[in-house]
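Shown next, in structure tokens, is the structure this report addresses.
Bear in mind these aren't lab numbers, they're just calculated from the coordinates by the rules spelled out. Everything quoted here is computed from the prediction, not taken from an experiment. All Cβ positions, glycine included, derive from the backbone under ideal geometry; neighbour counts span all protein chains shown.
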Amino acid sequence: MANAVENIIKTIYENYLPMEGAGKVADYIPPLAKVSPHKYAISVCTVEGEKFNIGDYTEKFSIQSISKVLTFSLLAPLVGEELWQSVGKEPSGSPFNSLVQLEYEKGIPRNPFINAGALVITDKLLEKVPNLNERLLLYVRELAGSADIDFNKEVADSEYATGERNKALAHLMKSFGNFNGKVSHVFRTYCNHCSIEMNTAQLAQSFLFLANGGINPLNGERVVSTRDTKRINALMLTCGLYDESGDFAYKVGMPGKSGVGGGIVAVIPGRLSIAVWSPELNRYGNSTRGIATLADFTTELGISVF
């Protein structure tokens, strides 16, 4: 499969390198608006230890909502089925920061990967994990096999300063009794997590445990149980790309998670993980070139989860 993967990503990269102007770089978080729309990278890691990279794969970017999978996987081994009393497992079908849906559903977010759901996960992590910011960074560094991963303070501060809707989501959930911590503290921690900077090579490696039955292939240690691995992948497939998740499953056929920094990471269980970065976003907040890349990747490789 090695030669096939290398040839496929090279061909895709060359095909889509001229694809510019098909989206818009996120500008509601001021530091993200400064990122060049020309950036493009693809990285693949296989469970056998093979690595393939092309483009701007050494350049770091803010992973944003991709961090929601990492915080959820950190929490999963610490809680049981009671978690699902506070957050659902269904696609939202609405924008990732919808107040209307949250009000209608009495403060219970649809899933852990929309903003309200991720805020609930952060709230619960703060109750269970001392020094959460430091613990999460250690967790991500171990998964990626790299100590060179950190928060971007400028991005985190900007998100906190401009995140009134997210604060409103947290206050609304608190009014329904589905939020325990101080909103300002939980939201500040959430902003830190979204500001994590990685490159595509690090990102693909950090998600490989979800293609490897929940085991980090770098050290052989179990990250999450086989059951939780299955559930996290299922949630990524159905909820990982906001209200474009169904179309992504149709076109790409992989569990994946996107972020408004322009990254998308996806896995084929038992095979590989792939990360793509291209900052221009479509109207759903997903990388336009990233989705096209992943759709061609599974088509040309002839392997998906279906």
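Okay, here's what the table says:
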quantity: Filter result (assigned to a helix (DSSP H, G or I) and closer than 21 Å to residue 190 by Cα) within region 69-84; calculated: 69, 70, 71, 72, 73, 74, 75, 76, 77, 78, 83, 84
quantity: Any hit, region 28-46, residues being touching a Lys or Arg at 6+ places or on another chain (Cβ under 6 Å), more than 25 Å from residue 270 (Cβ to Cβ) and either surrounded by 14 or more Cβ atoms within 10 Å (Cβ to Cβ) or of a type in the set (S, T, N, Q) (or both); calculated: no
quantity: Qualifying residues in region 33-61 (those that are out of contact with any Asp or Glu (no Cβ under 6 Å at 6 or more places or on another chain) and small (Gly, Ala, Ser)) - the one nearest to residue 111 (Cα to Cα); calculated: 43
quantity: Members of region 92-139 found to be farther than 18 Å from residue 242 by Cα and in a loop (DSSP other than H, G, I, E, B), listed by number; calculated: 106, 107, 129, 130, 131
quantity: Residue within region 144-157 that is touching a residue at least 40 places away in the same chain (Cβ under 8 Å), touching a strand residue (DSSP E or B) at 6+ places or on another chain (Cβ under 8 Å) and under 17 Å from residue 240 (Cβ atoms) present; calculated: no
quantity: Matching residues, region 264-306, being touching a Lys or Arg at 6+ places or on another chain (Cβ under 8 Å), more than 11 Å from residue 42 (Cα to Cα) and crowded, with 24+ Cβ neighbours inside 10 Å; calculated: 266, 279, 281, 291
quantity: Check on residue 95, in contact with a helix residue (DSSP H, G or I) (Cβ under 7 Å, 6 or more places away or on another chain) and farther than 30 Å from residue 141 by Cβ; calculated: yes
quantity: In region 144-168, the residues that are surrounded by fewer than 17 Cβ atoms within 10 Å (Cβ to Cβ), assigned to a helix (DSSP H, G or I) and not charged (D, E, K, R); calculated: 161, 162, 168
quantity: Qualifying positions in region 243-263 - buried (at least 22 other Cβ atoms within 10 Å of the Cβ) and either part of a helix (DSSP H, G or I) or not small (Gly, Ala, Ser) (or both); calculated: 245, 248, 252, 254, 255, 257, 260
quantity: Test: residue 64 is surrounded by fewer than 17 Cβ atoms within 10 Å (Cβ to Cβ), of a type in the set (S, T, N, Q) and either under 16 Å from the mean Cα position of the chain (by Cα) or more than 27 Å from residue 37 (Cβ to Cβ) (or both); calculated: no
quantity: Where a residue in region 226-255 is on the phi > 0 side of the Ramachandran plot and its partner, wherever it lies, is assigned to a helix (DSSP H, G or I) and surrounded by 15 or more Cβ atoms within 10 Å (Cβ to Cβ), with Cβ under 7 Å and at least six apart; calculated: 253/298
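Per-residue answers, yes or no, for (1) in contact (Cβ under 8 Å) with a residue 60 or more places away in the chain; (2) small (Gly, Ala, Ser):
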| residue | (1), (2) |
| --- | --- |
| 29 | yes, no |
| 35 | yes, no |
| 50 | no, no |
| 57 | yes, no |
| 79 | no, no |
| 87 | no, no |
| 92 | yes, yes |
| 96 | yes, no |
| 103 | yes, no |
